[in-house]
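Take a look at the structure set out below.
The values are calculated or read from the model by the stated rules, or taken from the named source; none is laboratory data. Computed from a prediction, not measured in an experiment: that's the story for all the values here. Methodologically, a virtual Cβ is constructed for each residue, glycine included, from the backbone with ideal geometry; neighbour enumeration extends over all protein chains shown. Accessible surface areas use protein heavy atoms only, side chains included; no ligands, DNA or RNA. Shrake-Rupley method; radii C 1.70, N 1.55, O 1.52, S 1.80 Å.
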Amino acid sequence: MELKPLLEALLFVTEEPLPPAKLAELVGAETKAVRQALQELQKEYAAADRGLQVIELAGGFQLATKPEAAAVVEKLYTGEKSFTLSQAALETLAIIAYRQPVTRVEIEAVRGVKVDSVLETLQKRRFIRVAGRKDAPGRPVLYGTTKEFLKYFGLKDLSELPQLAPPK
Amino acid sequence: MVDLQVNLPVFSGPFALLFHLIEKAEVDIYEISVAEITSQYLQALREMQELNLEIAAEFLVMAATLLKLKSKKLLPETVEVAETEEEEMPVIDSREELVQRLLEYRYFRDVAAELRRCEAAQKRVYIRSLGGKALLVNPDEEITLAGVTLPALLEAFQRLLTERERQPQEIAPDDLSVQDKMQAVLKAVRGKKDGVDFRELFSPQAGIAEIITTFIALLELIRLRKIVVWQSGPFGRLLVMRKS
């Protein structure tokens with residue numbers, strides 16, 4: 001079988017976004033050729049008569065449903081995605097995403113509230129992880145975002161974070 | 001009986017409440033008057049109290065901060081108030097600082113709003129789920145004990161210990177190190193595509209100390225994602241293999 005259909009098959013079965021290098025390894029082809037074929041697939045699926053799309057997520061590729069199909073898909077899987085993050089969790093994540101690696105005290109300084117329990121929840125959901133310790137008195141823990149974070153918000157990588165004018 | 005429902009804005013922190021007040025009063029952040037915002041803020045806290053809402057300590061800290069800023073303005077400039085503060089939260093000392101902090105907070109509040117939009121968009125996209133059985137892809141942030149639960153691993157370890165306990169022990173010089181054992185385990189699994197039986201990692205002559213050291217080395221290697229442990233089924237053999 002040719003490269004493109006093989007990639008299509010992998011993108012269909014995978015539960016995790018597959019990076020081009022991993023795809024190349026699986027099909028035994030050059031990463032460059034894989035990227036080329038992925039682009040073609042992406043274009044083909046973008047056509048209006050397809051219900052799926054090739055998405056780029058957290059550094060990898062994957063087949064997913066198109067947002068326009070959501071209403072119908074949700075009839076089949078009711079309540080699948082009913083979870084939403086709280087405002088406090090979202091603000092905390094925003095600070096971590098832009099300021100990482102960042103300590104708890106630094107986050108608290110911006111939000112003006114304690115964030116212990118929010119950090120715990122975010123860590124449990126694997127949106128953040130301990131990214132090291134700061135070279136400062138007490139060696140406080142530094143936090144950073146994870147692949148799970150990118151996946152949840154549908155981002156390719158951190159550079160895709162919404163760009164706003166930075167605070168002066 | 002119909003339940004009475006009261007909808008109140010929930011503030012994620014004192015800055016969120018301050019912003020709510022500033023926006024309600026339609027004042028430019030740069031133009032805020034400390035006296036004005038302080039009285040509005042205190043009024044809001046009073047209303048929250050009347051509704052028997054629990055007010056988090058941070059909201060009171062902000063109230064105190066605002067009052068301090070306000071009183072500072074009333075005092076002659078030369079008077080320095082001796083301060084001994086041990087708060088974890090940075091202290092706001094001037095109106096300018098308050099404005100700075102408000103601006104900074106607003107930035108991240110706006111980012112959070114953007115993230116909320118991303119969240120909503122991504123919720124409409126569905127990805128296949130096979131129920132967690134992909135063999136080739138290991139999410140890099142996960143420690144993989146492929147098909148092996150921690151209790152299963154501990155059970156195997158305990159069995160090994162009880163078996164060995166009965167054998168005559170030779171007291172050897174204590175020259176065991178986890179580092180060495182990690183090397184030994186890695187060497188044992190090198191080139192073995194189908195993995196090595198968990199038991200083979202422990203030599204028959206190994207004493208309790210050596211078994212424990214080897215086990216710690218094994219756990220360390222799992223943590224470092226150098227090896228994976230795999231079990232074919234319940235009570236099946238435990239296989240240790242190198243992670244590709």
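Shielding value for A:88-99 is 5, the average number of Cβ atoms from other chains within 10 Å of each residue's Cβ. Could you work out how far helix A:87-99 tilts from the main Cα principal axis of chain A, as a 0 to 90 degree angle to the nearest 10? It works out to around 80 degrees. Considering the dipole of region A:47-131 built from charges on the beta carbon (Lys and Arg +1, Asp and Glu -1) around the Cα centre, which of A:Val115, A:Ala48, A:Ala88 is farthest to its positive end? Sorting the options by dipole projection puts first A:Val115.
Inter-chain neighbour count for A:111-120: the average number of beta-carbon atoms from partner chains within 10 Å of each residue's beta-carbon is 5. Ranked by the mean number of other Cβ atoms within 10 Å per residue, highest first, peptides B:16-29, A:148-161 order as A:148-161, B:16-29. Using a cut-off of 27 Å between Cα atoms, the listed pairs A:Lys4/A:Lys156; A:Lys22/B:Lys192; A:Lys124/B:Lys192; A:Lys114/B:Lys226; A:Lys147/B:Lys181 include A:Lys124/B:Lys192; A:Lys114/B:Lys226; A:Lys147/B:Lys181 as exceeding that distance. Determine the distance separating the Cα centre of region A:133-152 from the Cα centre of region A:22-75; give it in Å without decimals. Measuring centre to centre over Cα atoms gives 31 Å. Only the Cβ atoms of Lys and Arg (+1) and of Asp and Glu (-1) were treated as charged; on that basis the dipole of region A:87-160 about its Cα centre amounts to roughly 240 debye. Is the C-alpha gyration tensor of region A:3-76 telling us rounded, prolate or oblate? Criteria: a/c under 1.5 is rounded; beyond that, a/b larger than b/c is prolate, otherwise oblate. Verdict is prolate for region A:3-76.
The sum of -39500 (n - 2.57) across all DSSP H runs of n ≥ 4, divided by the residue count of chain A, sets its helix-only mean residue ellipticity at 222 nm to -13500 deg cm²/dmol. The dipole here belongs to region A:1-155: it is taken about the Cα centre, uses +1 on the Cβ of Lys and Arg and -1 on the Cβ of Asp and Glu, and is about 620 debye. Buried accessible surface for the A/B chain pair comes to about 4700 Å², total over both chains, computed with a 1.4 Å probe.
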